[in-house]
Structures are given as C-alpha cells and as structure tokens.
1. Does GLU53 satisfy the condition of being in contact with a strand residue (DSSP E or B) (Cβ under 7 Å, 6 or more places away or on another chain) and either part of a helix (DSSP H, G or I) or charged (D, E, K, R) (or both)?
2. Keeping to the range 279-291, report how many residues are surrounded by 15 or more Cβ atoms within 10 Å (Cβ to Cβ), free of Cβ contacts under 8 Å to residues at least 60 places away in the same chain and not β-branched (Val, Ile, Thr).
3. For the range 348-362, give me each residue that is in a helix (DSSP H, G or I) and touching a residue at least 12 places away in the same chain (Cβ under 8 Å).
4. With SER162, SER134 as the choices, which residue is of a type in the set (Ser, Thr, Tyr) and farther than 30 Å from GLY85 by Cβ?
5. Quick test for you: out of VAL229, VAL254, pick the one residue that is crowded, with 21+ Cβ neighbours inside 10 Å, of a type in the set (A, V, I, L, M), more than 30 Å from PRO131 (Cβ to Cβ) and not assigned by TED's automatic domain parsing to the domain that holds GLN69.
6. Among the residues in the range 135-152, are any buried (at least 16 other Cβ atoms within 10 Å of the Cβ), at pLDDT 90 or above, in the same structural domain as MET207 (by TED's automatic domain parsing) and on the phi > 0 side of the Ramachandran plot?
7. For the range 83-114, name all the residues that are farther than 28 Å from THR135 by Cα and free of Cβ contacts under 8 Å to residues at least 24 places away in the same chain.
8. Being of a type in the set (A, V, I, L, M, F, W, C) and over 20 Å from the mean Cα position of the chain (by Cα) is the filter here; which residues of the range 125-170 pass it?
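The values are calculated or read from the model by the stated rules, or taken from the named source; none is laboratory data. Because the structure is a prediction, the values reported are computed rather than measured. Please note: Cβ atoms are built from the backbone with ideal geometry, for glycine as well, and neighbour counts cover all protein chains shown.
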Amino acid sequence: MSEEAPPLEVGAPSEGAAPPPRGEARRRRGRRRRVLAAIVVAVVLAGAVAWYELEANPLGGPGPAVLVQVRPGQSTGSVVAELTGHKVIGSSLAFRVSELFHGVPTVEPGAYLFHQNLSFGAVRARLAAGPNVSTLEVSAGLTLEEVAQRVTDLLPTTPRGSFLAAAKGAVHSPYSMPGSGSLEGTIATGRYLVLPGETATHLLGQMVARFDQQAARLHLAAAAAGLGVTPAQLVVVASIVEKEGVYQKNMGKVARVIYNRLETGTPLQMDSTVLYSLGQDGGPVTSADLALDTPYNTYLHTGLPPTAICTPSLAALEAAAHPTPGPWRYFTLVSKDGTEQFSVTYAQQLAAEALAASRGVP
C-alpha cells in the first residue's frame, strides 16, 4: 500500500513555486525607502523648527548690555552680522529666515543699546524704534553752563539744573580750585554717549573721570610743580589760553605771557575773563565792562581768576604745562587768519595794535 502525500497548507507555496515578480519586489523596496525618507525629512524639519524657535526665542533672560553703532549706508545684513557678533542674537541665518515671514527691518543709522540673548521680536522692536543712544559733544571753549544746557536738551526728563547741582556737590575733581566749589575747566572735551536712563550726575562723573585720565597722561601735576603753580592753577591758565590763543600756533606763547605777568605781579588784563563774568563768549569789552569789580576782572585784580573760564582743549593744557620760552608780556591779534603778535615792551604792543588796525582786524 503506497503512502499518501501530505496535504498542502493553504497559502504556503508549493515546492518549486515561482518567487514574486521582480517588479513587486522593487515596489516594496521603494515603499520602504519612501517611508524612511519621509521619517528622515520629518525629523530634520522638526529639528530645524526646534532650532529656529530656540534662536528666535532663546532660553534665559537678557544678558549684559552692548552698544551697536549703525553707520550711514550700512546694509541690514551687516547690521545683523554685528548683532550676532555682539551675541545679541545667536544666528544670522536664523534671523534671515525670520525675514521671510516678517520682512527685512529698516534700520536707521545711529547708536543702539541692546542686551545679549534677545528674542528676534525684541530686536525688531528695538530697530523699528530707531536709535536709543544720543551723543553729546563737549567742544573746547564751552563753559559748564553751556554744557549743562546741552545735557538738559538731551535729557528732557532730568530736572533742569541737576547737572550744575551735581557739579557743585555730587562730583568732585582734584583739579578744581580749592574753595571754589566749581568744576569749571575740569571736564574733558570729546564725545559722550547718553544711554537710556542716563542721569546728569553719572554723565558729569564720566566727563570729570576722562579729564583726570588726560591730566595724568599729560603729567600736569609734575608740570605744575616745575612752573611754580598748583595743578588747579595750571588748568585755569589753560582755560585762558584756550580763549585768548584760539589757534594752537598761538597757545604756547600766550601761556608764557600769562606766566610772565604772574611772576612780576602784573595784572593779566585778559578780556576773556571779564567776558566770562558777564556770561559772554567773545565780542568787544567796553570801558564800563572793565570797571566792573568782579573776581574775574583781571584788569582790576592781579593773579588768576578764582576758577577756570571754559573747558580747555588738550592743546591748551599742553601749552599751559609746557609754555614756549620767551620774555613776552603782551600779545594782540594782527591778522584775520588768527596770527597774533607777541611783544616784550608796551611800545611794541602799541605798534602791534596799530598794525592790526591798519589791517582792519578788530
């Protein structure tokens, strides 16, 4: 009796059955690749979105303050690169991506105070509002009153007079005249940044600190000792040199005239000191002005006035510290180009004044 063959299982390929067609295998492999690709794309997109969100809205609060200066004509891309370099934002690329949704920001030239680690939204708001840092220029020859007015114009929320009040108590200088209570002449020239929330006292403190640094670099204390004056008196001399010399070519000799007159006890007879007491900057001095009995009338009183009369330039400070050697005791303007003639005798001075008059020099 022969053995029966085992029954075939349903769905199982019979021995010797043909494999699936090649096209079907390729389709299956293609489907697997597409699924894998879709997964990879989804992961990449999710990572990109997460990266962008972290760049646009960084973790943690704002960091230290940084100042960014936008130059006229500077491109937005360059500004964004500077923001990245100062760590205001973390990625220039991410910010450029944000421009696809929010547009390219318009940036006005000027100074901006930012903080590190800001959101893109905060950066855009700051840029849209325009520069938030003002600049104050302190020029040589300005008085403390004139600087105070400029500060008041820049700090409208600051009580009027607070700058001068700080100059009479809150801020001090080793180069101010003892007992004067004035910082006239002891603030440095140059540009100052006025930050949001700036106070007049802090700003004045910066000016005095910068002057102290300049005085140290010029070795004013040692120079004053060599000239037989105090550092504060040297600053007063420099302020008069600033007003009377005007141009650097005159300043060394003007300083020497002042020291020569001080040495002999001769009144300085400087129009600039009389005008200072009148609150004027330049112009003619009348006979009535010369008769005013004020501490700043150097026609009536010998010696230096009680304070400086303006903010001296570095050139004037240098001239007061190192005056040009010479016996001159007089000087007068003899040319409209600023040339001054220096004389030893009064007769020479009168001749110089006649020369100036012949040239129409006031």
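1. Values: in contact with a strand residue (DSSP E or B) (Cβ under 7 Å, 6 or more places away or on another chain): no; either part of a helix (DSSP H, G or I) or charged (D, E, K, R) (or both): yes.
No: the conditions fail for GLU53.
2. Taking the range 279-291 as the starting set, the residues that turn out to be surrounded by 15 or more Cβ atoms within 10 Å (Cβ to Cβ) are 281, 285, 289.
Subsequent filtering for residues that are free of Cβ contacts under 8 Å to residues at least 60 places away in the same chain retains 285, 289.
Next, only the ones that are not β-branched (Val, Ile, Thr) stay: 289.
Number of matching residues: 1.
3. Taking the range 348-362 as the starting set, the residues that turn out to be in a helix (DSSP H, G or I) are 348-358.
GLN348, GLN349, ALA352, GLU353, LEU355, ALA356 - these are the residues of the range 348-362 that are in a helix (DSSP H, G or I) and touching a residue at least 12 places away in the same chain (Cβ under 8 Å).
4. Details: SER134 fails: farther than 30 Å from GLY85 by Cβ.
After applying the criteria, what remains is SER162.
5. On the way: VAL229 fails: crowded, with 21+ Cβ neighbours inside 10 Å.
Every option except VAL254 fails the conditions.
6. Yes, there is a match, as at least one residue in the range 135-152 is buried (at least 16 other Cβ atoms within 10 Å of the Cβ), at pLDDT 90 or above, in the same structural domain as MET207 (by TED's automatic domain parsing) and on the phi > 0 side of the Ramachandran plot.
7. So in the range 83-114, the residues farther than 28 Å from THR135 by Cα come out as 90-103.
Residues satisfying the conditions are SER92, LEU93, ARG96, GLU99, LEU100, PHE101, HIS102, GLY103.
8. Residues of the range 125-170 of a type in the set (A, V, I, L, M, F, W, C): 125, 127-129, 133, 136, 138, 140, 142, 144, 147-148, 151, 154-155, 163-167, 170.
Of everything in the range 125-170, those that are of a type in the set (A, V, I, L, M, F, W, C) and over 20 Å from the mean Cα position of the chain (by Cα) turn out to be ALA125, ALA128, ALA129, LEU164, ALA165, ALA166, ALA167, ALA170.
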